[in-house]
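The values are calculated or read from the model by the stated rules, or taken from the named source; none is laboratory data. Small disclaimer: the values here were computed from a predicted structure and weren't measured. Here the Cβ is made from the backbone with ideal geometry for all residues, glycine too, and neighbour counts use every protein chain on show. Side chains included, ligands, DNA and RNA excluded: accessible areas come from the protein's heavy atoms. Shrake-Rupley method; radii C 1.70, N 1.55, O 1.52, S 1.80 Å.
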Protein chains: 2
Amino acid sequence: MNELDLMTKIVSLCKRRGFVFQSSEIYGGLKSAYDYGPLGVELKRNIAAAWWRSMVYERDDIVGIDASIVMHPKVWETSGHVSGFSDPLVDCLNCKERFRGDKAPQMAAGTEVVYIKGGKDKGEKIKGVVNSRGYVCPICGSSELSEERQFNGMFRTTLGPVDPLDEFFREIKGKDLSERDMRGIYENITKSSLVYLRPETAQAMFVQFLNVQQTTSMKVPFGIAQQGKSFRNEITVEHFIFRSCEFEQMEMEFFIEPGTQAEWLKYWTDNRMAWYAKYTNSPTNFRLRQHDRDELAHYSDDCFDVEYLYPWGWGELEGVASRTDYDLKKHAGATGVKLSYFDQNKADPETGKMGWRYVPYVIEPAAGLTRTFLALMLDAYTEEKGVDAEGKEKSRVFLKFHPSIAPIKAAILPLVKKDGQPEKANEIAKKLREAGLNVSYDEQQSIGKRYAKHDEVGTPFCITIDPDTMKDDTVTIRYRDTAEQRRMPIAEAIETVIQSSRHPL
Amino acid sequence: MNELDLMTKIVSLCKRRGFVFQSSEIYGGLKSAYDYGPLGVELKRNIAAAWWRSMVYERDDIVGIDASIVMHPKVWETSGHVSGFSDPLVDCLNCKERFRGDKAPQMAAGTEVVYIKGGKDKGEKIKGVVNSRGYVCPICGSSELSEERQFNGMFRTTLGPVDPLDEFFREIKGKDLSERDMRGIYENITKSSLVYLRPETAQAMFVQFLNVQQTTSMKVPFGIAQQGKSFRNEITVEHFIFRSCEFEQMEMEFFIEPGTQAEWLKYWTDNRMAWYAKYTNSPTNFRLRQHDRDELAHYSDDCFDVEYLYPWGWGELEGVASRTDYDLKKHAGATGVKLSYFDQNKADPETGKMGWRYVPYVIEPAAGLTRTFLALMLDAYTEEKGVDAEGKEKSRVFLKFHPSIAPIKAAILPLVKKDGQPEKANEIAKKLREAGLNVSYDEQQSIGKRYAKHDEVGTPFCITIDPDTMKDDTVTIRYRDTAEQRRMPIAEAIETVIQSSRHPL
């Protein structure tokens, strides 16, 4: 299958079967915002639950938190997001595209270029010369570019029952001010109400480090995990849900003794690769890539990306970073609160005396829930060539999800809508629901069409109720991955579904 | 117990034990924003899961969605939130308080009032006269008030790689404009990038009605459920997490045939009351209150609040509203998309012919997850008078959560840290974790202190490993609600915890 075709098929299936819709679609949609439909919300919840289970429930050394999306604005000053989280934006004066200067095609200053007026396919050719910044428009190749302007990727809003614009307008009225002066007055007026939507969930774990450590009496090494939405005003949104302005993260900060970061980084990259391996059909589509020295953030002493082989190539799924003690030290410095840990059983390396107070180092596995959703959709998509009853070529499409993350665990299908079959089917559905499983009772259309539909949404089992069921309490269970059918007692079919739906250990 | 004392105790326990922290506390906190700590996040997740289970998994006629927080801005114009979701704000010129005019103490125009300068306790007395708007400052009683200004409760931000202020400053530079003109220019410039943070989750279900109905082939009556964060720039934030600017909702829109709203409203108020009854110790602290005619929103033909008896009195926990076909009709009108349903088995009441196309009516049970969290914390808080070993009066504090929502399902406690007890305890913990339960292994402090700690966080069972366990594989299981202890085989203790932790049916 052509790799980019696969993406088209996934986007289409997501829409057609209710995994992902464009946000506000009937209003023409909102750029790069997506809604998860009836099946998508289940897949997403199941992936999130699997992560939470592996991070929090299956271990003794990690606890969760759920912090507010709007945090104190000084948090983002301290973390470097206010000053550092910005990109040089440039407008092309020829085709009007807005782009990032640092990502544009680089070209030596003084190079002569030719491009078409207005960025059209045909038309008047214009000659230009690359200026000292050394790049051209990535769309039309023009060298007619605006100045660079720093654009911060954080969403800004104001908190509290006051519209700061009222005061601003009052303040500048009748004054002949420069743009820079107006900006200064505006920033000053909004200072007390300006807040940001968090661009990552991670900072909350640093800011609440002490509260969590003290209320739980956790001992280093220990971790704090969080899942939730983050927001970035991305300049380029791309690849469906891969890069969008509103997205979900699953991040964990693991606090460790200084000097142990190499071993813990190894531990967490292994752990996370093993986690993905539990849910994938194609482990070779996941890889670890170590960051080059010059790629590392200034506070990081090592970092790996977990990458997935998307249809357009290898791309980031998760970063596992060794962040040193940078974050805790920065927040401690900004607030005067001692964000440190006292180990009474360890000798202080400097004094040699028992009892060591130190600022923990941090290993951070930071995964994208939205990206894992996309990766596991791509991973599950399977087309199988076959022939239909009349010998015609016909391919079977199914989503080969691990049953624990499949949106629907089983479809309960009466062969006909009478003879007590619907009642029997509902009894079976009820038992599975009481076990906490999401199952579907479905009596519409032919049995073949129902099988095909449930293949396409990744339901691992179809349980069919037929005339024999009414006599001997046996059903047919059909396995999604092989299309094989087996006859068994109802109780055994129910147990098969319940056992298969358990999360892999 | 004094009712307001209870609130103080809950807030203190929430902080001390890691249920709820103030957001960004080390930065001095952010007004009315809260972070859920290691225990709070579990309680909140468990309540959310219980709701989702009851709405989506246990039924055939409701599916879930998870829409983006940022929706197309026209959604909020159509829904009436842009024009209608605003309050008349007034500044007191004496004490500087900002308040809602419509909620201030009403007083006939012309009434003479006396208040103290600056709103202080003592000081110069000032005489004033109530103006034609007919109210005074709720804080200091002053009649010196600013004009009313409409303040919209929605958070505004801008989407896309552009700061509209740059363009705005360029546009108004050098022009001598009125405040009103500046506002007009600003609104015009931000028109294409302005977006809101959703003030409710509900509109997404209306906007995606057709996508959901068509991808699932659901037949009316059916429902769409959603959980998630919403944001309101509240003028008054109060009662801890009861009213805050960032909060979580659990809303479900149930689409029905016109004319059946009375019976479905009855069904859903009963259903929701029964749901709360499963998790409360004090059912009489929950009541239904029907809205008065003049209290109903203009589109609603009937509405009930589920109210809880908070320490400060009865307050809203959930609204169950009959919304008629208002929302679908409004969105259909604004977009030109036919948001209707065709029932081929029903005769059209107007023509008498088979096949009826209609716009479904809607019953909406809209619950606050944050408020349910608070109500169930209050509900669970129990103080029991007793005596300690030496006969001194000593009260036992415990949180009497239903085990299915308790943050920790069981504490596994080795009596001593040696003799193989920790290993045995970890074996038991591992088995419970494999069953998907959040349990705590805890070996610090005396066994009595560990019991007290787990009482206070609502852990239903403590399983203690002692020297006898090492001989005969029996343990002591201690019941939180009675403090009773029983000896039983390990397997039976494990089964007790697993069975008790199931969601009530």
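Data for the structure
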read-out	value
Qualifying positions in the stretch B:150-173 - of a type in the set (D, E, K, R) and in contact with a helix residue (DSSP H, G or I) (Cβ under 7 Å, 6 or more places away or on another chain)	B:Glu167, B:Arg170, B:Glu171, B:Lys173
Top-ranked residue in the stretch B:353-404 [being among the hydroxyl-bearing types (Ser, Thr, Tyr) and assigned to a strand (DSSP E or B); ranked as modelled with the lowest pLDDT]	B:Ser395
Residues of the stretch B:29-39 that turn out to be touching a helix residue (DSSP H, G or I) at 6+ places or on another chain (Cβ under 8 Å) and within 7 Å of another protein chain (Cβ to nearest Cβ), as a count	4
Members of the stretch B:99-145 found to be farther than 22 Å from B:Thr236 by Cβ and polar (S, T, N, Q), listed by number	B:Thr111, B:Asn131, B:Ser132
Positions within the stretch B:460-500 being within 19 Å of B:Glu427 (Cβ to Cβ) and among the hydroxyl-bearing types (Ser, Thr, Tyr), in sequence order	B:Thr464, B:Thr469, B:Thr474, B:Thr476, B:Thr496
Single match in B:Lys127, B:Lys122, B:Lys117, B:Lys44 (criterion: within 12 Å of another protein chain (Cβ to nearest Cβ) and either open to solvent by less than 20 Å² (accessible area, probe 1.4 Å) or at negative phi (or both))	B:Lys44
Pairs where the first residue, in the stretch A:314-327, is among the polar types (S, T, N, Q) and the second is assigned to a strand (DSSP E or B) and open to solvent by 10 Å² or more (accessible area, probe 1.4 Å), C-beta under 7 Å, 6+ apart	A:Ser322/A:Asp302; A:Ser322/A:Cys303; A:Thr324/A:Tyr361
Counted residues, the stretch A:425-440 - those being closer than 16 Å to A:Pro407 by Cα and surrounded by fewer than 18 Cβ atoms within 10 Å (Cβ to Cβ)	2
Top-ranked residue of the stretch B:68-83 - restricted to ones that are of a type in the set (Val, Ile, Thr) and more than 7 Å from chain A (Cβ to nearest Cβ), ranked as least open to solvent (accessible area, probe 1.4 Å)	B:Thr78
Residue identified as touching a residue at least 40 places away in the same chain (Cβ under 8 Å), open to solvent by 70 Å² or more (accessible area, probe 1.4 Å) and within 30 Å of B:Tyr196 (Cβ to Cβ) among A:Arg170, A:Arg156	A:Arg156
Lone qualifier among A:Thr236, A:Thr280, A:Thr216 - being within 14 Å of another protein chain (Cβ to nearest Cβ), hydroxyl-bearing (Ser, Thr, Tyr) and touching a helix residue (DSSP H, G or I) at 6+ places or on another chain (Cβ under 7 Å)	A:Thr216
Matching residues in the stretch A:383-415 - criterion: being in contact (Cβ under 8 Å) with a residue 24 or more places away in the chain and open to solvent by 10 Å² or more (accessible area, probe 1.4 Å)	A:Glu383, A:Arg396, A:Val397, A:Lys400, A:His402, A:Pro403, A:Ile408, A:Lys409, A:Leu415
Any hit, the stretch B:165-174, residues being within 10 Å of chain A (Cβ to nearest Cβ), at pLDDT below 95 and under 20 Å from the mean Cα position of the chain (by Cα)	no
Contacts under 6 angstrom Cβ, first residue in the stretch A:37-54 being closer than 19 Å to B:Val212 by Cβ and modelled with pLDDT of 95 or more, partner among the hydrophobic types (A, V, I, L, M, F, W, C) and open to solvent by 10 Å² or more (accessible area, probe 1.4 Å), 6 or more apart	A:Pro38/B:Val63
Test: residue in the stretch B:486-495 that is farther than 30 Å from A:Gln499 by Cα and outside the structural domain of B:Tyr276 (by TED's automatic domain parsing)	yes
Residue check, B:Ala204 under 30 Å from A:Lys453 (Cβ atoms) and within 8 Å of chain A (Cβ to nearest Cβ)	yes
Within the stretch B:428-465, considering residues that are within 14 Å of another protein chain (Cβ to nearest Cβ) and among the β-branched types (Val, Ile, Thr), the one nearest to A:His503 (Cα to Cα)	B:Val439
Yes/no for A:Asp91 being surrounded by fewer than 21 Cβ atoms within 10 Å (Cβ to Cβ), within 8 Å of another protein chain (Cβ to nearest Cβ) and over 25 Å from the mean Cα position of the chain (by Cα)	no
Test: residue in the stretch B:184-193 that is open to solvent by less than 20 Å² (accessible area, probe 1.4 Å), in contact (Cβ under 8 Å) with a residue 12 or more places away in the chain, under 18 Å from A:Glu25 (Cα atoms) and touching a helix residue (DSSP H, G or I) at 6+ places or on another chain (Cβ under 9 Å)	yes
Top-ranked residue of the stretch B:466-505 - restricted to ones that are over 21 Å from B:Leu376 (Cβ atoms) and within 14 Å of another protein chain (Cβ to nearest Cβ), ranked as most open to solvent (accessible area, probe 1.4 Å)	B:Gln499
Verdict on B:Arg287 being over 30 Å from B:Arg357 (Cβ atoms) and surrounded by fewer than 21 Cβ atoms within 10 Å (Cβ to Cβ)	yes
Hits in the stretch A:389-427 (condition: polar (S, T, N, Q), in contact with a helix residue (DSSP H, G or I) (Cβ under 8 Å, 6 or more places away or on another chain) and either within 14 Å of chain B (Cβ to nearest Cβ) or under 15 Å from A:Lys449 (Cα atoms) (or both))	A:Ser404
Subset of the stretch A:251-274 that is open to solvent by 30 Å² or more (accessible area, probe 1.4 Å) and acidic (Asp, Glu) - its residue that is nearest to A:Arg289 (Cα to Cα)	A:Asp270
B:Asp60 being under 21 Å from A:Arg45 (Cβ atoms), facing chain A (nearest Cβ under 7 Å), surrounded by fewer than 23 Cβ atoms within 10 Å (Cβ to Cβ) and modelled with pLDDT under 95	yes
Cβ-Cβ under 8 Å pairs, at least 6 apart or on other chains, the stretch B:243-266 side more than 24 Å from B:Pro199 (Cβ to Cβ), far side assigned to a helix (DSSP H, G or I)	B:Ile256/B:Trp264
The stretch B:186-197 - residue that is at pLDDT 90 or above and more than 10 Å from every other protein chain (Cβ to nearest Cβ) and, of those, nearest to A:Asp181 (Cα to Cα)	B:Ile189
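Conditions tested, residue by residue: (1) crowded, with 20+ Cβ neighbours inside 10 Å; (2) under 28 Å from B:Ala452 (Cβ atoms).
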site	(1), (2)
B:Lys9	no, yes
B:Val20	yes, yes
B:Ser24	yes, no
B:Gly28	no, no
B:Ala33	yes, no
B:Gly37	yes, yes
B:Gly40	yes, yes
B:Trp52	yes, no
B:Met55	yes, no
